[in-house]
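Trainee: Let me begin by handing over the structure; questions about it come next.
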Amino acid sequence: MLKPVITILLYLFTPMLFGQSLINMKHYSVQDGLSQKNVHNFIQDDNGYIWMSTWNGLERFDGYSFYNYKTYPESPIRISNHRFTKIKKSSLNNIWCLTYDKRCYLFNTRTYEYQDPFLFNKSLTNSVSKLYALGKGITWAVGMRRQSPSSYIPEEMKEIPFMALPKIRMEMNGF
């Protein structure tokens, strides 16, 4: 007697249980304010912002609007190729950016400025293929180094297993 009642109740209430969508999805495009349609990857920072690497620089989405960050001729750091392929959040909530031409930059999420980590060490060439963001503001990079800084000869280039990027003042201070 109890089994048919339970079966009837399940048939009656099952459509109501599964009738609502479990995920609310919204698609964004260039018409919604995204500066470029090609997004390579995205991350969420500690403040809840969504950051995207696009072919037109770094994009931030606050839930309502998109903001594009790239350099201009008057910027202290000039990025020649704003086609970003990979971004990673550092432990201090800044964003490491890799460009299509394998250059690496650090974006300060408080001042909204880019920093070149290789600017302070002229013996290193800014050519990075992978980044590993660790704790306490430490980031490891895998890349290429030239033996002769004056000429580009592929045979003289070798893979560096791990190269510690210098701690930049803004990363050390948490800015």
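Trainee: How many nm is it between the label spots at residue 50 and residue 23, if each spot is 7 Å from the Cα in line with the beta carbon?
Mentor: It is 1.2 nm.
Trainee: Sticking with this one: Given a Förster distance of 45 Å, report the FRET efficiency between residue 3 and residue 89 from their Cβ-Cβ distance, rounded to the nearest 0.05.
Mentor: Calculated value: 0.25.
Trainee: Give me the one-decimal nm value for the distance between modelled label points at residue 111 and residue 77, 7 Å along each residue's Cα-to-Cβ direction.
Mentor: 1.0 nm
Trainee: What distance in nm lies between label points placed 7 Å from Cα along the C-beta direction at residue 38 and residue 120?
Mentor: 3.3 nm
Trainee: Then there's this: Tally Lys and Arg at +1 and Asp and Glu at -1 over the other residues with C-beta under 14 Å from the C-beta of residue 112: what net charge comes out?
Mentor: -1
Trainee: If you don't mind, there's one more thing I want to ask. Just subtract the alpha-carbon distance of residue 129 and residue 100 from 0.36 nm times their residue separation and send over the number in nm, one decimal.
Mentor: The residue 129-residue 100 span can extend by a further 9.5 nm.
Trainee: Taking 0.36 nm per intervening residue step and subtracting the Cα-Cα distance, what contour gain separates residue 31 from residue 67 on full extension?
Mentor: 11.6 nm
The numbers here are math on the coordinates, done by the rules we state, and not lab data. Just so we're clear, the structure is a prediction, and the values are computed from it rather than from any experiment. Every residue, glycine as well, gets a Cβ built from its backbone with ideal geometry; the counts of neighbours run over all protein chains shown.
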